[in-house]
Amino acid sequence: MPLVYPIKRVFRSWKLFVALLIGVIFASTFFAGINVKANLAAKQVMDEQLTGIYADMQFDAFLNYSNPAAAKPYILGVDGVTDVEYFYRSYQPSLVQSDNFTNTQFIQTVAVPNSSSLYTGLMGIPPEGLGENETYILDTSIADPYKSPLQQLKVGDVIQTALQFRTANWGNTTDVHLNLTVAGFVKLTDEAYS
């Protein structure tokens, strides 16, 4: 019985019902079109921003020196992962020759494999390459108006630092003390920097 009244009202004023139905369809189509267009515009903007990003994910792991090579096949086995690069990065207290080894500086030290895209993105590498206990310094003279102690070094100067490695026992570390000789100053390409 309750459905009889609405059905009777629709049949009595069917012209009004059809006009109302057409109005609702047009309004729904209009707002759906705006929503689809907004989503397409947002996708285009996002795709444009992502073209300049060369790495989708970065994470830090406290591994000993043999673990990164063992972990790489497992990471590549994850769906959607196309490539993996690893490098060693450390902030250790260092002394530099430019201030006569008096002030301790916390300098970022990065060890990069020669096969890495970060290494191939270095500009200004001397043709003879690196010898034992030699290092390149990233030239940040344009971006660093305060002239970090590294920018005051010259080719042949020495940096006293240490590299810290995890050992197989959980929580234990080994420090390797080094005197690194500056072999040159290099810059990164935009792609390598990203």
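The values are calculated or read from the model by the stated rules, or taken from the named source; none is laboratory data. Since the structure is predicted, the reported quantities are computational estimates derived from the model, not experimental observations. We place every Cβ from the backbone using ideal geometry, glycine too, and count neighbours over all the protein chains shown.
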Residue pairs, Cβ under 6 Å, 6 or more apart or interchain, first in the stretch 80-94 and in a loop (DSSP other than H, G, I, E, B), second charged (D, E, K, R). List them. Val84/Lys72
All positions within the stretch 95-115 that are small (Gly, Ala, Ser) and in contact (Cβ under 8 Å) with a residue 12 or more places away in the chain: Ser98, Ala111
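In the stretch 103-115, what residues are assigned to a loop (DSSP other than H, G, I, E, B) and surrounded by 15 or more Cβ atoms within 10 Å (Cβ to Cβ)?
Our first condition is that a residue be assigned to a loop (DSSP other than H, G, I, E, B); within the stretch 103-115, this holds for 103-104, 112-115.
Selection gives Val112 alone.
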Find all pairs meeting these conditions: Cβ atoms under 6 angstrom apart; at least six residues apart or on different chains; first residue within the stretch 12-40 and free of Cβ contacts under 8 Å to residues at least 60 places away in the same chain; second residue part of a helix (DSSP H, G or I). Phe17/Val10
Identify the single condition in (1) of a type in the set (A, V, I, L, M, F, W, C); (2) at pLDDT 75 or above; (3) loosely packed, with under 14 Cβ neighbours inside 10 Å; (4) not in a loop (DSSP other than H, G, I, E, B) that Ala69 does not satisfy, given that it satisfies every other one. (2)
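Considering only the stretch 116-138, how many residues are in a loop (DSSP other than H, G, I, E, B), in contact (Cβ under 8 Å) with a residue 24 or more places away in the chain and under 22 Å from Gln164 (Cβ atoms)?
3
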